[in-house]
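One structure is given below, encoded as structure tokens.
The values are calculated or read from the model by the stated rules, or taken from the named source; none is laboratory data. Worth saying up front: this structure is predicted, and the values here are computed from it rather than measured. Cβ: placed from backbone, ideal geometry, glycine included. Neighbour counts: every protein chain shown. Side chains are part of the model used for accessible areas, which takes the heavy atoms of the whole protein and leaves out ligands, DNA and RNA. Shrake-Rupley method; radii C 1.70, N 1.55, O 1.52, S 1.80 Å.
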Amino acid sequence: MVRLSGKTIAVTGPRKAEEMSRMIGKFGGRAVIRPAQGTVFLDDSQFAEQLQSLIEQPVDWLVLTTGVGTEALLSTAEKLGQLDSFIETLRKVRIAARGYKTVNVLRKLGLTPEVRDDDGTTAGLLRLMEPFDLSGKRIGLQLYGDPAPRLNAVLHSWGAVCEEILPYRHIPPEGGIVHQLIREIAGCDIDAVAFTSTVQVRYVMTEAAKTGLLTQVLDAFAGPVLAAAVGKVTAEALYEEGVERVLYPEEERMGSMIVALSRFYSAANEETEAKGLSEQAVSLAPDEQAMIELANASGECSKVSS
């Protein structure tokens with residue numbers, strides 16, 4: 001069975017970092033915990049104002065990017081005593097939705113988005129929105145506390161007027177740990193970085209730019225340091241930040257990401273073409289499956305939203 005022997009993997013997700021570290025250890029690797037995501041909170045004051053404005057002056061299009069964020073919109077509307085008015089607004093505007101969780105929230109309200117992605121990514125959503133004439137249209141962007149530069153840029157290039165709605169805010173983690181991670185990546189002192197959310201990606205790359213090490217970080221990710229993502233959405237954020245080689249499993253689970261890492265290094269050790277694994281589904285061998293099931297039993301491989 002392929003293992004991560006001799007490999008040092010940086011774990012950037014604060015959630016279940018210890019469990020991920022144990023799993024990396026079971027595959028023979030060494031994990032270093034480098035939290036790149038702080039706490040998340042609902043910014044009630046600003047969010048309430050944004051929601052009230054949305055009800056009073058409906059946009060032409062509402063782009064919903066996460067199920068959690070969509071539920072936060074509904075919850076806040078209910079607290080304001082405006083739930084019925086907000087649902088009525090949703091029935092009037094044209095809706096574009098990313099992700100099955102978002103679509104499921106809308107379905108419970110009897111709503112079907114006019115546009116929805118076909119692959120869970122922002123790129124997929126934009127591809128299906130392109131045929132529509134958005135010039136001069138007001139578009140409300142529901143984001144999960146994380147800016148979406150590509151989404152904004154593309155919509156602006158189509159002539160749309162974008163209004164960001166950020167129901168959640170992220171408090172950055174302590175800078176010291178992230179700066180240590182950036183130095184480790186730039187110095188090629190680690191073998192891979194395992195990202196489990198877009199927020200982690202944005203923060204690491206933003207801080208790398210601030211410290212003047214962005215070029216070195218990108219060079220490292222193009223060379224000896226592997227960028228791994230838990231799923232397509234997180235991988236997409238890495239691509240948007242200039243990382244050209246990203247490994248991610250088809251099944252968005254932390255355990256599958258660890259297995260994908262072991263497969264990558266097996267291919268590299270055998271001097272085969274490893275880049276193709278970035279788009280390849282992970283097919284588990286029996287002993288790998290047993291290890292994942294053991295981790296699942298203790299909650300180590302729960303699905304992570306990006």
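Computed values, structure above
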{"item": "Within segment 221-245, considering residues that are of a type in the set (A, V, I, L, M, F, W, C), more than 17 Å from VAL11 (Cα to Cα) and out of contact with any Lys or Arg (no Cβ under 7 Å at 6 or more places or on another chain), the one modelled with the lowest pLDDT", "result": "VAL233"}
{"item": "Residue in segment 196-213 that is in contact (Cβ under 8 Å) with a residue 12 or more places away in the chain and over 23 Å from PRO14 (Cα atoms) present", "result": "yes"}
{"item": "Residues (open to solvent by 80 Å² or more (accessible area, probe 1.4 Å) and more than 19 Å from ILE139 (Cβ to Cβ)) located in segment 63-108", "result": "GLU71, GLU78, LYS79, ASP84, GLU88, TYR100, LYS101, ARG107, LYS108"}
{"item": "Which listed residue, of GLU19, GLU56, is touching a residue at least 40 places away in the same chain (Cβ under 8 Å), open to solvent by 20 Å² or more (accessible area, probe 1.4 Å) and not β-branched (Val, Ile, Thr)", "result": "GLU19"}
{"item": "Elements of type helices (runs of 4 or more DSSP H) contained in segment 1-113, each with 2 or more residues being modelled with pLDDT under 90 and among the polar types (S, T, N, Q)", "result": "44-56, 67-79"}
{"item": "Residues (open to solvent by less than 10 Å² (accessible area, probe 1.4 Å), hydrophobic (A, V, I, L, M, F, W, C) and over 19 Å from GLN216 (Cβ atoms)) located in segment 166-202", "result": "ALA194"}
{"item": "Residues within segment 231-249 that are touching a Ser or Thr at 6+ places or on another chain (Cβ under 8 Å) and either surrounded by fewer than 24 Cβ atoms within 10 Å (Cβ to Cβ) or of a type outside the set (S, T, N, Q) (or both), tallied", "result": "11"}
